[in-house]
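Structure, as structure tokens:
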Amino acid sequence: MIIQTTPHCSMPEMEQILQEINKLGYKPARVETQYGSYIVCVGTAEFDIRLLGNLSGVRDIHMVRDQSKLVSRQWKVKSSEISLGPDMVISRNDLTLAMGPCSIENEEQVEDMVAFLKSQGVRLMRGGVFKPRSSPYSFRGLGLEGLKMFYNKCNEAGIFVVTEVMQVSQVAEMYDYVDVFQVGTRNAQNFNLLDELGKVDKPVLLKRGMSSTLDELLASAEYIFSNGNEKIILCERGVRTFERAYRNTLDLNAIPYLKEKSHLPVFSDPSHGIGLRAFVETMSLASLMAGADGLIMEIHRQPERAMSDGQQSLNFDEARRCIRKIRETVKFRKELALLEDL
Ligand code: PEP
Ligand code: MN
């Protein structure tokens, strides 16, 4: 159960509400976000909802049976939108593209990429400066100084930045140089990091753990929301299966499922999802037809020379062609949706 309280709910009113919740055998947890005040109540007892609904200070009550409550569509039917700026909104009515290299490598690369993205009308650039690498001997990113350079170049050009944060202490350091914090697959259940990201007012792109169930992904999103941050994007990026032919198995099923279960926007990452450059375009289009609200993709001017993930990065010609097909697919998807309304 989720109780939304009124913005001016007084202390005595709140105490009375909490007391009634306890009496009913429910365990209450108070949540304050940038948008609202909620009391999340966990319990199973049946009762007459008017017992709570008539209390002053209560704005609305929703029975939410799902385990993850605040991210569930059971209380919020309208899909959430996340604004990055006055003319940049991540929403289910539009497609958001985030493109860029796996790792930020140097200043020339950023300038070149920014110019390319601008020429393609892509407003969000991805790029890691703190890289989780399977081997400690691999390139681990340019760090905070690299981030400042990356952010400043993008900011001057009106491009937004999405980049991975790996640990709690980085959240504050990175804050001024990030438009969207990315949580990588390896940190999808780093609950301390999720708690910390719940305390900031910047969007979080939360990737699915490589062996997480969708309930676990939603529970991770619930950590962020219940700490106060409603600006969350869920991202399918492929899971580990017995299949070794490709790097991961992009679970397309996850996209419609998450969109039904949750009100949050759902992205797909076809680059990590399949890990093979030749098939990234196909999987990006398949993700769109599965309903993805956004795509995060790796591109590089010279993939064969990339410092990480070149094997799954599109070169600029491939990216150009892919973007064209993405835009056509989005149009087609809209036409199909119109047919449904007939
Ligand atoms: C990345 O985006 O480069 C990355 C490391 O992604 P993931 O966490 O999905 O592996
Ligand atoms: Mn990568």
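The values are calculated or read from the model by the stated rules, or taken from the named source; none is laboratory data. This one's a predicted model, so the numbers in the text were calculated from it and none came from an experiment. Note that each Cβ is placed from the backbone with ideal geometry, even for glycine, and that neighbours are counted across all protein chains shown. With ligands, DNA and RNA removed, areas are computed over all heavy atoms of the protein, side chains included. Shrake-Rupley method; radii C 1.70, N 1.55, O 1.52, S 1.80 Å.
A few comments on the model shown:
- For MET113: the one exception among (1) in a strand (DSSP E or B); (2) within 19 Å of ILE323 (Cβ to Cβ): (1)
- Boolean, GLY127 is in contact (Cβ under 8 Å) with a residue 12 or more places away in the chain, more than 22 Å from the chain's Cα centre (by Cα) and over 24 Å from LYS334 (Cα atoms): no
- Only residues that are away from ligand 1 (no atom under 16 Å from the Cβ), acidic (Asp, Glu) and not in a helix (DSSP H, G or I) were counted in the range 288-332, giving 1.
- Scan the range 224-281 for residues that are aliphatic (A, V, I, L, M) and assigned to a loop (DSSP other than H, G, I, E, B) and the total you get is 5.
- Some residue of the range 42-53 being small (Gly, Ala, Ser), open to solvent by 70 Å² or more (accessible area, probe 1.4 Å) and either outside the structural domain of VAL161 (by TED's automatic domain parsing) or more than 30 Å from GLY291 (Cβ to Cβ) (or both): no
Every residue, every condition in (1) modelled with pLDDT of 95 or more; (2) in the same structural domain as LEU295 (by TED's automatic domain parsing); (3) within 16 Å of ligand 2 (Cβ to nearest atom); (4) within 24 Å of ASP269 (Cα to Cα), yes or no:
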site: GLU145; (1), (2), (3), (4): yes, yes, no, no
site: CYS154; (1), (2), (3), (4): yes, yes, no, yes
site: ALA157; (1), (2), (3), (4): yes, yes, no, no
site: VAL165; (1), (2), (3), (4): yes, yes, yes, yes
site: GLN170; (1), (2), (3), (4): yes, yes, no, yes
site: TYR175; (1), (2), (3), (4): yes, yes, no, yes
site: VAL178; (1), (2), (3), (4): yes, yes, no, yes
site: THR185; (1), (2), (3), (4): yes, yes, yes, yes
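- Hey, VAL161 within 15 Å of ligand 1 (Cβ to nearest atom), in a strand (DSSP E or B), out of contact with any Leu (no Cβ under 7 Å at 6 or more places or on another chain) and not aromatic (Phe, Trp, Tyr) or not: yes
- Consider the range 188-243 and keep the residues that are of a type in the set (Ser, Thr, Tyr) and in contact (Cβ under 8 Å) with a residue 12 or more places away in the chain. The one that is farthest from SER79 (Cα to Cα) is SER211.
- In the range 254-287, of all residues being more than 21 Å from ILE326 (Cβ to Cβ) and open to solvent by 20 Å² or more (accessible area, probe 1.4 Å), the one that is nearest to ligand 1 (Cβ to nearest atom) corresponds to TYR257.
- Hey, ASN192 closer than 13 Å to ILE224 by Cα, over 14 Å from the mean Cα position of the chain (by Cα) and modelled with pLDDT of 95 or more or not: yes
- Any hit, the range 78-101, residues being more than 30 Å from GLY128 (Cα to Cα) and surrounded by 13 or more Cβ atoms within 10 Å (Cβ to Cβ): no
- THR249 out of contact with any Phe, Trp or Tyr (no Cβ under 8 Å at 6 or more places or on another chain), more than 14 Å from ligand 1 (Cβ to nearest atom) and open to solvent by 30 Å² or more (accessible area, probe 1.4 Å): no
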